[in-house]
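Please treat every number below as a calculation from the coordinates, not as lab data. On a predicted model such as this, the values are computed, not experimentally measured, just so you know. Reconstructed Cβ throughout: ideal geometry from the backbone, glycine too, with neighbour counts over all protein chains shown.
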Amino acid sequence: MDKKIVIIGANDFQKPLIQKAGEMGYETHVFAWRDGATGARYADHFYDISITEHEKILKECERIKPQAVATIGSDLANITVQYLAEKLGLPGNSRECICCSTNKYAMRQAMKAAGVSVPYFQVTDGKETEKITVPSYPVIVKPTDRSGSRAITRVERHEDLQEAVRNAIDQSFEKKAIIEEYLPGQEYSMEAISYEGTHTCLAVTKKFTTGDPHYIEIGHLQPAPLEPELKEKIIKEIFRALDALKIRNGASHSEFRVDEKGKVHIIEIGSRMGGDCIGSHLVPLSTGQDFVKMVVQTAAGEKPELNCRPLQKCSAIRFIMDQKDLETLKHIEEKYPQNVVEKVLEGQPGTHPVTDSSSRFGFYIFQTDTMEETEQMQLWK
């Protein structure tokens, strides 16, 4: 086995990457803490080293001599991937790109400088919060450098701003929070693959959340039911933002809202595949495009292989938030067993509050031939 790849992270969402790289003939070298490393058993070599210990990982990589380094679904791991790729002379995005795509304040600044429409925003370290002024309420407060819906709060009045800022700073690595104008409209995401600065949209996904005040994702649906003209408008706007963030290679996950007038409001963009199984599972199930394979290919400096005749099916993921969701899953398994592709149950609903994406109680994924079949399941009620 001549080809070697280093993969940063080994949790459930990294598992498809580890498996796919192995199927493609790569010897897989995976780095992560042992605790929670469910993907470790699929690796050829596993290293019990934190994904933030750049120098320790680099020392091992200099011995391994990989042809690629990759990750999916993690901003923290993405920072390490960029560092390693730069030091080892491997393909990847620039340091500036990773800074702008993993820090929400830097992201807003880069998009604004490039002429991409952004909402009002400001950053705070929590000092003298009582003196902060905003043009109007509501606003969204969140950590500058976290993902997974951690410490996101919609604030309706100034009296509640200080607590929201404190919660966001507590979850932030750099101990800063960003305060943004609240963006109205239905929320979506777009999955894309880039190669040498050329972007390809693979899918647009409709997002379902708990809503105000914390907006924790409860599910995703592909393809998002959009008029062709609006979809083209979305793609054009997102591609402009990808250029502004200097995303030239690999996967990207862009989150945005579309208001009643059809205006696209970009929330944030990651220069990596999205989590929640959107890229690893939903994209291939709804389009037939092997997104994970493309991540490996671009990490190795190869042009991604696109399916010229994509599928036209529907796929979705529904997360388990409470006992009612478990009962819905049981009903679906009884009535639509052929449509359930995968399920993962993690603990008993009700044993702890769901405060962010990491505290949900599992999920199930399904596929249908038509949107009408998906709607019959009534998953989002």
- line: Output for segment 9-95: GluC sites (Glu not before Pro) sitting in coil per DSSP, at most 15 other Cβ within 10 Å, listed by number, reads 53
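Can you put 380, 33 in order, fewest other beta carbons within 10 Å first? Let's see the in-between values first.
Numbers: 380 13, 33 16.
Final ranking by Cβ density, sparse to dense: 380, 33.
Which whole-number percent gives the relative contact order of segment 120-181, counting Cα pairs below 8 Å spaced six or more residues apart?
On the way: 116 pairs, mean separation 30.0, N = 62.
48 percent.
Which of the three applies to segment 94-133, rounded, prolate or oblate, going by the alpha-carbon gyration tensor with a ≥ b ≥ c and a/c under 1.5 meaning rounded?
On the way: a/c = 4.32, a/b = 1.66, b/c = 2.60.
Oblate, since a/c reaches 1.5 and b/c is not below a/b.
Using Cα-Cα distances under 8 Å and only pairs 6 or more residues apart, what relative contact order does segment 186-376 have, in percent?
That works out to 20 percent.
Go ahead and estimate [θ] at 222 nm for the chain from helices alone: -39,500 (n - 2.57) per DSSP H run with n ≥ 4, summed, over the residue count, rounded to 500.
-9000 deg cm²/dmol
So which trypsin sites (Lys or Arg not before Pro) in segment 1-41 pass both tests, a DSSP loop state and at most 16 other Cβ atoms within 10 Å of the Cβ? Before the final figure, lay out the partial values.
Details: sites: 3, 4, 20, 34, 41; in loops: 3, 34.
Here the sparse-neighbourhood loop sites are 3, 34.
May I ask you to derive the FRET efficiency for residue 157 and residue 210 from their Cβ-Cβ distance with R0 = 25 Å, giving the value to the nearest 0.05?
Values: r = 21 Å, r/R0 = 0.82.
Result of the calculation: an efficiency of 0.75.
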field: Average Cα contact separation per residue, segment 111-215, under 8 Å, 6 or more apart, as relative contact order %
entry: 29 percent
- line: Residues whose built amide H sits under 5 Å from the amide H of residue 209, excluding neighbours closer than 5 in sequence, are 218
query: In nm, to one decimal, how far is the modelled label at residue 308 from the one at residue 198, with both set 7 Å along Cα→Cβ?
result: 1.5 nm
field: Separation in nanometres of the label points that stand 7 Å from Cα toward Cβ, at residue 371 and residue 175
entry: 4.9 nm
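Hand me the trypsin sites (Lys or Arg not before Pro) from segment 68-123 located in a DSSP loop with no more than 11 other Cβ atoms within 10 Å, in residue order please.
Details: sites: 87, 95, 104, 108, 112; in loops: none.
Passing sites in segment 68-123 do not exist.
Classify the chain as rounded, prolate or oblate from the Cα gyration tensor: take a ≥ b ≥ c as the square roots of its eigenvalues, call it rounded if a/c is under 1.5, otherwise prolate when a/b beats b/c and oblate if not. Display every interim value, and only then the final one.
Working: a/c = 1.35, a/b = 1.10, b/c = 1.22.
Rounded.
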message: To the nearest 20 Debye, how big is the dipole of the chain about its Cα centre, given +1 on the beta carbon of each Lys and Arg and -1 on that of each Asp and Glu?
response: 680 debye
- prompt: For residue 134 and residue 352 in the same chain, what is the full-extension length gain: residue separation times 0.36 nm, less their Cα-Cα distance, in nm?
  reply: 75.0 nm
- request: Can you check what the net charge comes to around residue 254, using other residues whose Cβ is under 10 Å from the Cβ of residue 254 (Lys, Arg +1; Asp, Glu -1)?
  value: -4
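Roughly what % antiparallel, to the nearest 5, for the DSSP beta bridges in the chain?
Numbers: 54 of 66 bridges.
Taking every DSSP beta bridge with both residues in the chain, the antiparallel ones total about 80 percent.
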query: Can you give the extra length, in nm with one decimal, that the chain gains between residue 58 and residue 226 once fully stretched, where that is 0.36 nm per residue apart less the Cα-Cα distance?
result: 56.0 nm
